[in-house]
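Read through the structure below, which is laid out as structure tokens, and then see the notes.
The values are calculated or read from the model by the stated rules, or taken from the named source; none is laboratory data. Quick caveat, the model's predicted, so the values are computed rather than measured. Here the Cβ positions follow ideal geometry from the backbone for every residue, glycine too, while neighbour counts run over all protein chains shown. Remember, those area values only see protein heavy atoms, side chains included, never the ligands or the DNA or RNA. Shrake-Rupley method; radii C 1.70, N 1.55, O 1.52, S 1.80 Å.
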Amino acid sequence: MASTAPATAARKLTEYFSLSQARVDRWRAVHRLARKLAAGSQLTDSLRAQAAEELAALTPIEDLCAYPGPRLLGTLKERLQTGDWAAFARLAQRISISLLSNSYRDDADAWNSEEENEPHAPEVQGTFSARAEARKPYFEVLVVTPGERATWAQTRESLRRLRRDTDSFVYEPVVVGSFEDAALAAILNYNIQSVVIFDGFPYPSQYAVPDLREILAAHVSADATANADLGTTLARALKNYRPELDVFLATDRNVGQLAGSDEAAPIRRVFYGVEELLEIHLSILDGIGDRYATPYFDNLKKYAQRPIGTFHALPIARGKSIFKSNWIRDMGEFYGTNLFLAESSATTGGLDSLLEPTGNIKVAQEKAARALGGDRTFFVTNGTSTSNKIVHMALLSPGDIVLIDRDCHKSHHYGLVLAGAQPYYIDAFPLTQYSMYGSLAIRPIKEALLNLKAEGKLDRAKMLVLTNCTFDGHVANVEQTMLECLAIKPDLVFLWDEAWFGFARFSPFLRRRTAMGAGAKIREMLRDPAYRERYNAFKAQVGEIDPKNRKLLDTPLLPDPDKVRLRIYETDSVHKSMSALRQSSIIVAMDQDFHTVEPMFKEAVFTHSSTSPNLQIIATLDLARRQMELEGYELVQRAIQLAIELRQDINTHPLISKYFHAATPAEMVPAQYRQSGFSDYGVAGWSLAKTIKALQTDEFFLDPTRVTLLCGNAGYDGSQFKALLSNEYDIQINKTSRNSVLVQININNTRSDVAHLIKALADMSREIEKRLADGGAPTQESFRARVKSLVTDVPDLPDFSRFHDAFRENPKATSNEGDMRSAFYLAANPASCEYVKINGKEIDERLKNGPEVVSAKFVIPYPPGFPILVPGQVVTQETITFMRKLDVKEIHGYNASLGLECLRPDALAALKGKASTAATAAPAPERTPTKPQPVGA
Ligand SMILES: Cc1ncc(COP(=O)(O)O)c(C=O)c1O
């Protein structure tokens with residue numbers, strides 16, 4: 001018997017992360033009910049009632065979207081009423097599938113009821129007649145109006161009438177009549193790219209739907225009271241939520257005065273009343289054109305079409321030697337003509353130069369800065385490994401101290417060697433049970449800064465390097481971290497390595513936890529007189545920052561607005577989370593003192609960049625920006641929703657969850673860093689509001705798209721499991737740990753991908769069950785032992801020990817910075833080095849009785865991929881125990897047949913002697929701290 005349970009009863013709108021996914025699911029439910037009705041169910045009355053209920057629930061949502069629109073919805077409701085079940089089912093299917101696939105953006109038929117042989121209704125005709133010849137990108141324009149509902153069709157029609165065949169894009173207007181509906185439309189409807197606000201509308205929605213109000217409150221914070229000027233308040237709220245939107249305001253206020261005010265800053269153009277409808281239409285298209293334009297890519301396409309003869313060192317340009325080749329013609333077939341037509345060099349002219357951009361690369365970088373929220377960006381074609389080294393070199397001088405997360409990417413450690421800056425290593429909190437580190441908490445960073453202050457070295461503390469999010473998804477409280485550090489060191493530079501996190505800019509949830517998102521908030525806050533009052537109250541209570549005052553470690557600190565210099569850098573591997581080719585990376589800067597480092601920045605770019613950068617990489621950086629500015633919101637929301645569903649699917653599946661588990665935020669983030677108590681997404685008791693609270697308050701938040709899939713209970717270590725997934729199921733995953741693999745969901749994943757993984761896990765679980773049942777007690781016993789070794793007998797993670805005294809200015813100091821560069825170059829001389837076997841007696845003896853064992857190299861087991869030893873670091877028993885237990889094959893900087901490469905004690909003694917002689921002969925010159933200036937100076 002067919003089930004009559006309401007298909008959506010199980011999930012409220014507020015139980016979805018993405019409201020648009022909730023909408024699509026509701027439409028699928030309508031379609032399912034319609035199919036049952038068309039199949040001649042006995043339960044027609046009950047099904048009809050359910051379908052009516054579903055459609056009624058959809059009504060307030062459908063008002064916020066152009067498709068299917070009032071006409072098709074009217075037809076559908078009519079068919080439900082008349083009981084024409086076959087026609088009802090056909091139309092429900094058409095709408096549901098169009099929404100699922102977004103085909104209504106391209107397919108004129110989707111806008112018709114299927115029997116409509118009659119000409120399309122006027123609005124539909126207008127939409128698509130111009131699009132028949134060539135596909136024009138489709139979007140929707142939100143029109144917020146004080147007009148009566150009865151006038152809305154007319155408003156829509158007036159805008160449609162302005163379409164011209166020469167328009168590059170086509171849009172459908174969506175008309176709403178209140179602040180709440182406008183904000184909900186921006187949340188739900190990712191087709192909306194522009195908003196036209198006609199002043200004078202009310203605040204509350206015409207529908208009093210509590211779930212929608214709850215969603216609204218979770219997403220958009222606006223101080224909108226009945227008396228406030230809602231037009232500009234709405235503009236501000238929408239830009240805050242989706243900064244990429246173009247917002248236009250038509251008002252009968254004094255527009256001259258308004259246009260120049262701060263109030264109008266988020267507005268692209270102010271119009272007087274409705275007199276300028278054509279101008280509004282043109283401005284809408286102009287705004288989209290601005291985001292759509294990819295100056296570098298557009299120019300490269302044009303270049304590729306020119307009949308060029310090359311007499312340059314570009315043997316594959318134009319592809320003649322490839323397409324005519326006897327032996328490598330398949331290269332041409334595989335890559336296609338365009339790759340070769342577009343192969344060129346900056347030195348051929350007309351393409352701009354990455355090293356000294358003055359043309360389209362410059363403009364592309366400026367657009368990227370707008371998209372990513374920085375003041376400026378730099379395209380980098382050799383990965384974030386290079387971006388990081390550029391920032392280190394540009395901002396650091398030999399002897400500077402850099403506070404750094406010890407398990408950050410190796411490019412930072414190498415960057416420090418190159419710059420000659422001294423790392424002050426701080427350990428992230430360990431997740432020993434999964435053989436990985438978490439992230440760097442605020443307390444130890446403050447402790448390090450206070451140590452440096454106590455020792456009189458704070459002026460040398462130049463930069464803090466942090467990974468955000470980490471490989472495993474730990475997202476820092478970026479704003480809090482920066483505020484507290486700036487309270488101790490007002491001109492500290494921040495380098496946030498957001499290699500994995502570039503996409504987060506386009507999520508209204510995660511944006512606040514990106515370097516640029518938090519930076520913008522701090523910048524605004526510091527300008528606000530209310531902050532000054534807050535700071536004065538703080539200062540009156542806490543007094544001067546006294547490094548001896550341990551209470552400061554547990555007191556949230558506020559920086560002095562007159563002293564702060566906001567200097568923030570972010571590096572993104574665009575290729576890791578957006579649509580760009582491998583190695584495309586970007587540096588984003590929000591540095592009020594950039595002018596002071598600009599020459600060095602250029603030098604650093606010259607040092608690290610190839611003089612033959614790959615043009616296709618530059619072009620995809622430009623394209624990735626275009627995509628994210630136009631559909632990043634949609635893609636990222638969908639990816640997050642998908643990741644949450646994957647987590648739920650794994651952890652609630654009765655069989656899969658016996659052997660596999662998606663580690664929850666509660667498991668990945670220790671309770672002390674989850675102040676809100678947030679424990680998991682999408683489970684019973686979950687709500688969007690709780691997630692927002694966690695994002696606002698918690699010291700660490702787990703990026704839902706990075707799923708640590710624990711496989712120890714299935715008896716697999718990470719490497720085995722990765723190989724199994726790849727060899728047997730064609731599934732590629734990201735990294736592994738002793739008992740986990742990392743499944744990363746990105747903008748490219750679909751529900752089918754999720755189904756593929758779930759099916760593989762179910763097959764594997766069934767196979768394990770069978771193996772255990774068939775093998776009987778001995779197999780079960782050895783399986784238990786294997787699981788125990790993977791899940792329980794995990795090695796402790798070795799913290800950073802210390803630099804050898806030869807590399808420390810004051811070995812007795814509490815601060816732990818060291819001259820790693822000298823250690824690195826000491827090791828360059830083979831005579832200074834020796835090998836010590838990690839399983840031999842010598843090392844045990846030396847660890848007990850000396851002389852100290854000191855690493856000559858970076859030793860980086862992969863996975864986990866962080867250095868367990870750096871040049872000049874004293875080797876401890878913990879490190880050796882960890883290395884002995886490590887079961888990974890790849891350890892960079894370590895050759896098992898030779899042993900651990902160490903610095904010889906005599907070489908260290910000689911260096912120490914030299915250093916003390918030099919110290920007595922000539923004391924190191926005092927550095928004059930740069931005088932901090934107020935923000936905005
Ligand atoms: C945190 C972090 N930063 C930087 C990098 C280097 O990025 P790329 O591969 O773009 O050179 C990686 C690479 O995995 C990384 O994990």
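Overview of values
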item: When the convex hull of its Cα atoms is projected in every direction, mean area for the range 584-690 (nm²); result: 12.2 nm²
item: Over the range 463-520 - Rg/Rh using Cα atoms and the Kirkwood inverse-distance radius; result: 0.96
item: 30 Å Cα-Cα reach of residue 77 towards lysines, excluding residues that sit fewer than 8 places from it in its own chain; result: 12, 36
item: Within the accessible area of the chain (1.4 Å probe), percent carbon and sulfur; result: 52 percent
item: Mean projected area (nm²) of the alpha-carbon convex hull when the range 772-901 is viewed from all directions; result: 10.3 nm²
item: Relative compactness, the range 271-396, computed as alpha-carbon Rg over 2.2 N^0.38 Å; result: 1.46
item: Gain on full stretching of the segment that runs from residue 540 to residue 799 - 0.36 nm per residue minus C-alpha separation; result: 89.4 nm
item: The range 558-585-the range 482-531 distance, computed between alpha-carbon centres (Å); result: 9 Å
item: Size of charge dipole - the range 333-372 - debye, nearest 20, with Cβ of Lys, Arg +1 and Asp, Glu -1, no other charges; result: 240 debye
item: 19 Å reach of a label modelled at residue 810, 7 Å along Cα-to-Cβ, counting backbone N of the range 416-431; result: 422-425
item: At most 14 other Cβ within 10 Å, DSSP loop - trypsin sites (Lys or Arg not before Pro), the range 577-630; result: 582
item: In nm, spacing of pseudo-spin labels at residue 52 and residue 753 (7 Å Cα→C-beta vector); result: 4.3 nm
item: Reachable lysines, given that their alpha-carbon falls under 20 Å from the alpha-carbon of residue 539 and they are not under 8 places away in the same chain; result: 446, 453, 489, 548, 551, 563
item: Accessible area expressed per residue, the range 464-598, with surrounding protein chains retained (probe 1.4 Å, Å²); result: 34 Å²
item: Among 364, 381, 345 - extreme Cα towards positive end, dipole of the range 342-405, charges at beta-carbon; result: 364
item: Efficiency of FRET from Cβ geometry, residue 792 and residue 837, R₀ 35 Å, rounded to 0.05; result: 0.75
item: Paramagnetic reach from residue 203 (point 7 Å along Cα→Cβ, amide N under 11 Å) across the range 180-194; result: 180
item: Stretch gain in nm, segment residue 221-residue 107, where the contour uses 0.36 nm per residue and the Cα spacing is subtracted; result: 37.4 nm
item: Among beta bridges that DSSP assigns inside the chain, antiparallel share in %, nearest 5; result: 50 percent
item: Dmax and Rg, reported as Rg then Dmax, of the chain (C-alpha, Å); result: 30.5, 101
item: Column: log10 I(q)/I(0), Debye, Cα scatterers of the range 347-389, q = 0.19, 0.28 Å⁻¹; result: -0.63, -1.02
item: Lys, Arg +1 and Asp, Glu -1 on Cβ, resulting dipole of the range 607-665 about Cα centre, debye, nearest 20; result: 200 debye
item: Residues listed by number, the range 352-386, amide nitrogen under 12 Å from residue 314 label point at 7 Å toward C-beta; result: 352
item: Once the Cα gyration tensor of the range 150-262 is diagonalised, semi-axes √(5λ) in Å; result: 23, 19, 15
item: Size of electric dipole in the chain: Cβ of Lys, Arg +1 and of Asp, Glu -1, about Cα centre, debye, nearest 20; result: 1560 debye
item: Extension gain, residue 213 back to residue 658 (0.36 nm per residue minus Cα-Cα distance, nm); result: 156.3 nm
item: Rough spin-label spacing in nm, given labels placed 7 Å along Cα→Cβ, for residue 59 and residue 878; result: 6.5 nm
item: Nitroxide proxy distance, nm - points 7 Å out along Cα→Cβ at residue 376 and residue 523; result: 1.3 nm
item: Residue 301-residue 762 FRET efficiency (beta carbon distance; Förster radius 41 Å; 0.05 resolution); result: 0.35
item: Estimated FRET transfer efficiency (residue 728, residue 782; beta-carbon r; R0 22 Å; 0.05); result: 0.55
item: Chymotrypsin sites (Phe, Trp or Tyr not before Pro) restricted to the range 12-91 and DSSP loop, no more than 10 other C-beta within 10 Å; result: none
item: The range 240-324 - Rg and Dmax from Cα coordinates, angstrom; result: 22.5, 68
item: Mean accessible surface per residue for the range 619-699, computed with a 1.4 Å probe while every protein chain stays in place, in Å²; result: 33 Å²
item: Separation of alpha-carbon centers, the range 249-315 and the range 401-472, rounded to whole Å; result: 42 Å
